[in-house]
Amino acid sequence: MHRAYQPRFTAAGYLEGEVHSTVRHEFVDGEVYAMAGAGEAHNLIAGNVFARLRSAVRGGPCRVFISDMKLHVAAWNAFYYPDVMVVCNAADAHTHYKESPSVIVEVLSDSTAGTDRREKLLAYRTLASLREYVLIAQDQRQIDIYRRAPDGANDVWLLESLGDGDGDLLQLESLEVGMSMAEVYEDVVFMNNQPVSLVERARAAIK
């Protein structure tokens, strides 16, 4: 999702404008960036993860949010739109944004992968509540999970990478929830290492 440059804003001005905007924007220290829409594979993957997590935490204290809920990272004076995030703090009750997620999931694309792997990784690590940050590729079956070290060292994060096997398990330890690669990528079909839409699949079948 490409970001288009806009003039500088205050956080309050950004939040007020976002309430009335038909286009989502992310805010980083006064800079506002428009977000483009996502494709089929991106939506399927995010939806699969959301559905599994929503089912797993139903009836408990945690809440799962998808794409349209902002995340405030105070240390960076930033507001982002994670693809999926889980908040288990009942005191985090602001209507338009959250501040204390336990889990954040981002689905990577060519235009966002650099930001998700560098800027957002650094920003999200400043959140004391965060236990796991998950990056999911949409052009291949590849998942990276960053976990805060279990000894409580805030600056130490461990990386686990999952590959192409359906048997690999995306384990969210902080929630005690697991998803197989097949569940994460359900309904996503790859041709020549690229996800294809339903229309493209139909056209390929006719040839």
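The values are calculated or read from the model by the stated rules, or taken from the named source; none is laboratory data. The shown structure was predicted, so the numbers you read here are calculated from the model rather than taken from an experiment. Backbone-built Cβ (ideal geometry, glycine too); neighbour counts: all protein chains shown.
Go through the residues of region 33-54 one by one and say whether even a single one is touching a Ser or Thr at 6+ places or on another chain (Cβ under 6 Å) and within 21 Å of residue 125 (Cα to Cα). Scanning region 33-54, I find no residue that is touching a Ser or Thr at 6+ places or on another chain (Cβ under 6 Å) and within 21 Å of residue 125 (Cα to Cα), so the answer is no. Annotation note: of 162, 172, the sole residue that is touching a Leu at 6+ places or on another chain (Cβ under 7 Å) and at pLDDT 70 or above is 162. Search region 9-39 for residues being closer than 30 Å to residue 187 by Cα and touching a strand residue (DSSP E or B) at 6+ places or on another chain (Cβ under 7 Å), and hand back the single one that is surrounded by the fewest Cβ atoms within 10 Å (Cβ to Cβ). This residue is 23.
Residues are listed down the side, and each one gets a yes or a no for (1) within 28 Å of residue 181 (Cβ to Cβ); (2) out of contact with any helix residue (DSSP H, G or I) (no Cβ under 9 Å at 6 or more places or on another chain):
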position: 60; (1), (2): yes, yes
position: 63; (1), (2): yes, no
position: 66; (1), (2): yes, no
position: 70; (1), (2): no, no
position: 102; (1), (2): yes, yes
position: 118; (1), (2): yes, yes
position: 134; (1), (2): yes, no
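Scanning region 132-152 for residues that are in a strand (DSSP E or B) and surrounded by 19 or more Cβ atoms within 10 Å (Cβ to Cβ) returns 132, 133, 134, 135, 136, 143, 145, 146, 147, 148. When only residues in region 48-60 that are buried (at least 17 other Cβ atoms within 10 Å of the Cβ) and not aliphatic (A, V, I, L, M) count, which is farthest from the chain's Cα centre (by Cα)? Ranking the candidates gives 52 first. Given 129, 109, which one is touching a strand residue (DSSP E or B) at 6+ places or on another chain (Cβ under 9 Å), hydroxyl-bearing (Ser, Thr, Tyr) and part of a loop (DSSP other than H, G, I, E, B)? None of the other options fit; the residue is 129.
The residue pairs whose first member lies in region 8-26 and is of a type in the set (S, T, N, Q), whose second member is assigned to a loop (DSSP other than H, G, I, E, B), and whose beta carbons are closer than 9 Å, counting only pairs six or more residues apart or on different chains, are 10/30. Does residue 79 satisfy the condition of being under 16 Å from residue 119 (Cα atoms), of a type in the set (Phe, Trp, Tyr) and out of contact with any Asp or Glu (no Cβ under 7 Å at 6 or more places or on another chain)? Against the criterion (under 16 Å from residue 119 (Cα atoms), of a type in the set (Phe, Trp, Tyr) and out of contact with any Asp or Glu (no Cβ under 7 Å at 6 or more places or on another chain)), residue 79 does not qualify. Here residue 155 meets each of (1) surrounded by 14 or more Cβ atoms within 10 Å (Cβ to Cβ); (2) part of a loop (DSSP other than H, G, I, E, B) with one exception, condition (1).
The residues of region 61-86 that are outside any loop (DSSP other than H, G, I, E, B) and over 15 Å from the mean Cα position of the chain (by Cα), listed by number, are 74, 75, 76, 78.
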